Amino acid sequence: MAEQGWVRTRPAGSGKRGAVTRDRDRDAAGRARNARPRDALGRPLPHGADGVERAPEGVLRTPERALAEAQALLDAGRPFHAHEVLEDAWKSAPQEERQLWRGLAQLAVGLTHAARGNARGAATLLDRGAGNVRGYADAPPHGIDVTGLVAWARDRAADAETGRPVDPAPPRLRGPAQARLEPGAAAR
């Protein structure tokens, strides 16, 4: 893993429009790495504050493990962190499953926006996520409850769009039979 450090992203007074003149967390290759602690909903806290444990980024997980970890985070009221797990799965998924994992990550972000009180953002991401997973309804991979997730997301998006409070209850990512299996059991 690359060493983290503080680097200036652009020289102060560079004259560039929108130039960033404050220091940001960057790794040795210059990629952004936000080392600030975060709360349960992913909001950054001041340096030195006590945050919640973050899901490690860039971890290769089996689909079963990714779904189990994301579900545990959703159930614990940490949809932002579930999104990070699902985003890793999206980035490492085979091409034919990428839209599914992208949609699952968007559903978690939509729930994050709802929990933060951002109804417009919640509606947008829930609707977008439902649209991305909907195409997998005929043959859902990994026991994912595509039909249930689409209905869950559309109901909550409609609530957000009309100003009704969004039910914060997390979705079930897998169908009832798959949800009862322990992680990895489906692969045996």
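What the table below lists for this structure:
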read-out: Solvent accessible area, Å² - GLU161, 1.4 Å probe, full protein context; value: 130 Å²
read-out: Chain lengthening between ASP138 and ARG43 when straightened (0.36 nm per residue, less Cα-Cα); value: 30.5 nm
read-out: Order of exposure, largest accessible area first, which applies to HIS47, HIS113 with probe 1.4 Å; value: HIS47, HIS113
read-out: Separation of the THR162 and VAL59 label points, Cα + 7 Å toward Cβ, nm; value: 3.9 nm
read-out: Contact order relative to length of region 112-176, as percent, for alpha carbon pairs under 8 angstrom and 6 or more apart; value: 39 percent
read-out: Radius 14 Å from Cβ of ALA160, net charge of other residues (Lys, Arg +1; Asp, Glu -1); value: +1
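The values are calculated or read from the model by the stated rules, or taken from the named source; none is laboratory data. For clarity, every value in this text was computed on a predicted model and none was experimentally measured. For neighbour counting, all protein chains shown are included, and Cβ atoms are generated from backbone atoms with ideal geometry for every residue, glycine included. Note: areas computed on protein heavy atoms with side chains; ligands, DNA, RNA excluded. Shrake-Rupley method; radii C 1.70, N 1.55, O 1.52, S 1.80 Å.
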